[in-house]
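Trainee: Questions regarding the structure given below will be posed in turn.
The values are calculated or read from the model by the stated rules, or taken from the named source; none is laboratory data. Please read all numbers here as calculations on a predicted model, not as lab measurements. All accessible areas refer to the heavy atoms of the entire protein, side chains included, with ligands and DNA or RNA removed. Shrake-Rupley method; radii C 1.70, N 1.55, O 1.52, S 1.80 Å.
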Amino acid sequence: MPQDPKQASSRLRRCRRSGRSAGSLVAPLPSRLPGALGVFLEHAARAFHSNGNRAYATRLFARARKDEIAYDLKIDEARLDAVLLEFALAGIAEVKAFSL
């Protein structure tokens, strides 16, 4: 399955080292590796949340869910349940994320 959290973490670390914005990495992902986009956005949401930017973390989390639907990605239900719980407990997941 292409949704590999280790891959997303690696991309985020490379982005930080290069000084580029996370957006510059997100733009080509849907066409190159759509399965990595959701996990990548989740990691970015965690990073923003840990730095006190809950609003942007919430938007990134919501975008991850929308992109999973838009690109008709195969979803690991157990992983998604764990992620929804994690983000709900952190106050990041919006209610509509549970109905997708």
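Trainee: What's the extension gain from Ser10 to Arg54 if we count 0.36 nm per residue and subtract their Cα-Cα distance?
Mentor: 13.6 nm
Trainee: When all protein chains stay in place, what accessible area (Å², nearest 10, 1.4 Å probe) is found for Leu85?
Mentor: So the heavy atoms of Leu85 present about 100 Å² to solvent.
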